[in-house]
Structure formats: C-alpha cells, structure tokens
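Engineer: The structure is given below, and queries will be raised subsequently.
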Amino acid sequence: MPRLSLGLGVQTIRKVGGGTIFRILISGAGTTTSNGEYAWDGVTISGGKPQYDNPSGSYIYWDDTWYIYDAIDESTSYAIANSDFSGNWFELDGIPPAPTSTLYYTP
C-alpha cells in the first residue's frame, strides 16, 4: 500500500540511537566551574524545555528563564532571559563577569 506524506518539512532534532545532539558552550564566567560544554541527552526536560547537562554534574535548566546550576559551587550562578540563549547572561550567585554562550549541535 502506498504511503502518504504531508511534506511539511519537519526535521528530526534527535534521532533514535544517536544522531544530532544539541550543545551549549559556556565560557568566560567568573565562576570558572560554570564554564564548559553542556549537552542535552535527548530525554531530560525541565520546565517544558531540554535540560543541558555537564559532566561535572552542573546543568542548564528552564524556569521562565535559563539558569546555570553549578554543582561544584552548589549554587545557581547565572541566568539569561532569552529562550534561544542570545543576549547577555547575568550573575545570580556567580562571580562577575557573566559568561557568554554558544548554542550548536553535533551530528
């Protein structure tokens, strides 16, 4: 039987068994333990958006703004209001300067 397709151009963000992984690079933070690469595991959601984890146990989560929870410093160090990580981070419990972020993905 032929398959029907709507041809909507919907793209898969993460393929089962590997595939694309979204990552955020945090750099330049005064609280240096907040710096590093954070990746979404393709499963964990926080506040309706992906939660990005760092191997140190730190993570970036959404709660009406993006926050960096620094597991080593045991505090919520920085936040950014834009849902797409553009703009400027600001300090919460972190040390100035606030970091910059780069959002990218790897195949």
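Values quoted throughout were computed directly from the atomic coordinates according to the rules given, and no laboratory measurement underlies them. All figures in this text were calculated on a predicted structure; none of them were measured in a lab. No Cβ is skipped: glycine too gets one built from the backbone with ideal geometry, and neighbour counts run over all protein chains shown.
Engineer: What percent of all Cα-Cα pairs in the stretch 21-107 falls in each 5 Å bin, counting up from 0?
Structural biologist: The distribution over the stretch 21-107 is 3, 17, 30, 30, 16, 5, 1, given as percents.
Engineer: Moving to a separate point now. Please list the equivalent ellipsoid semi-axes of the stretch 65-107, computed as the square roots of five times the alpha-carbon gyration tensor eigenvalues, in descending order and whole angstrom.
Structural biologist: Working from the Cα gyration tensor, I get semi-axes of 19, 13, 9 Å.
Engineer: Amide H neighbours of Leu92 under 5 Å, at least 5 residues apart or on other chains, H built in the peptide plane: list them.
Structural biologist: Tyr78, Ala79
Engineer: If packing is taken as the average count of other Cβ atoms within 10 Å, what order do 81-92, 35-46 fall into, highest mean first?
Structural biologist: 35-46, 81-92
Engineer: Report ³J(HN,Hα) in whole Hz for each residue of the stretch 33-48, in order, from the Karplus equation J = 6.51 cos²θ - 1.76 cosθ + 1.60 where θ = phi - 60°; Gly and Pro get x.
Structural biologist: 6, 7, 5, x, 9, 10, 10, 7, 7, x, 10, 6, 10, 9, x, x
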